[in-house]
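Here is the structure we will look at, set down as structure tokens.
The values are calculated or read from the model by the stated rules, or taken from the named source; none is laboratory data. Bear in mind the structure is a predicted one, so any value in this text is a computation, not a measurement. FYI the Cβ positions are ideal-geometry reconstructions off the backbone, even for glycines, and counts take in every protein chain you see. The accessibility values were calculated without ligands, DNA or RNA, using every heavy atom of the protein model including side chains. Shrake-Rupley method; radii C 1.70, N 1.55, O 1.52, S 1.80 Å.
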Amino acid sequence: MADMGRKQQGLTLIELMVTLAVAIILITVGMPMFTGMAANNRAAAQTNDLVSALKLARSEAVKRSTPVVARRAGAAWSDGWLVFIDDDNDGVDDTGETVLRSWDAPVGGTVTSGGVDFVSFAATGENNGAQVNFVLDQADATGSSRRCVSATGTGQVRMKKEQAGTTWSCP
């Protein structure tokens with residue numbers, strides 16, 4: 001009877017096992033949702049990076065009164081991209097031309113441009129060519145994973161997100 005008045009300290013083995021089982025179930029159910037949410041955030045981030053690269057190229061072209069180019073950094077836009085001052089207006093970052101900024105390849109995503117290697121902006125801010133459309137896709141994102149970034153002939157940069165349940169085209 002003397003032990004009845006003593007307070008219990010700690011957890012019993014059964015209580016600990018039940019708590020761990022509940023935690024494992026919650027993690028198992030919640031992890032796929034977290035993965036999809038992280039992929040959605042990556043999709044938004046890579047889109048924002050490309051939009052900022054194009055806007056940087058345009059604003060620097062106007063500011064410096066010289067052609068500035070946003071170009072893929074490797075064999076494809078999915079390898080990353082860079083913005084540089086194009087002194088000889090050839091779309092290639094030659095030795096001696098100033099690279100203003102570069103971006104790494106997007107993690108887990110693809111960027112396609114329909115075969116366009118670079119977007120050049122003139123001193124007036126106009127795109128030196130026809131409209132260029134980029135399709136960005138993050139395959140493991142939930143919901144709308146594709147986004148479209150367009151650089152118009154006038155130099156405006158726009159973004160469009162795929163809407164679930166609709167026919168989607170870029171732009």
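Would you mind getting the accessible area per residue of segment 56-162, heavy atoms of the protein chains only, 1.4 Å probe, in Å²? Don't skip to the answer; put the middle values down first.
Numbers: 5050 Å² over 107 residues.
On a per-residue basis, 47 Å².
Could you tell me which of ALA39, THR66, LEU20 has its Cα farthest along the dipole of the chain towards the positive end, charges placed at Cβ (Lys, Arg +1; Asp, Glu -1), taken about the Cα centre?
About the Cα centre, the residue reaching furthest to the positive side is LEU20.
Starting from the Cα of ALA75, step 7 Å along the direction of its Cβ; do the same at ALA139; then give the gap between the two resulting points in nm.
Once both label points are built, they end up 1.7 nm from each other.
Ignoring ligands, DNA and RNA, what percent of the 1.4 Å accessible area of the chain is carbon and sulfur?
Working: 5900 of 10210 Å².
Roughly 58 percent, rounded to a whole number.
Looking at (i) 25.3, 96; (ii) 15.0, 46; (iii) 17.3, 58, which value of Rg and Dmax of the Cα atoms in Å comes from a calculation on the structure shown?
Here the calculated entry is (i).
Report the FRET efficiency, 1/(1 + (r/R0)^6), for THR19 and ASN41, where r is their Cβ-Cβ distance and R0 is 25 Å, rounded to 0.05.
Calculated transfer efficiency: 0.25.
Which of the three applies to segment 77-171, rounded, prolate or oblate, going by the alpha-carbon gyration tensor with a ≥ b ≥ c and a/c under 1.5 meaning rounded?
Values: a/c = 3.01, a/b = 1.64, b/c = 1.84.
Oblate shape, in that a/c is at least 1.5 and b/c is the bigger or equal ratio.
Taking Cα atoms, how many degrees apart are the long axis of helix 13-64 and the longest axis of the chain, rounded to 10 and kept between 0 and 90?
Roughly 10 degrees, rounded to the nearest 10.
Sorted by mean Cβ packing within 10 Å, highest first, what order do the peptides 111-120, 15-24 take?
Most protected by this proxy first, the peptides run 111-120, 15-24.
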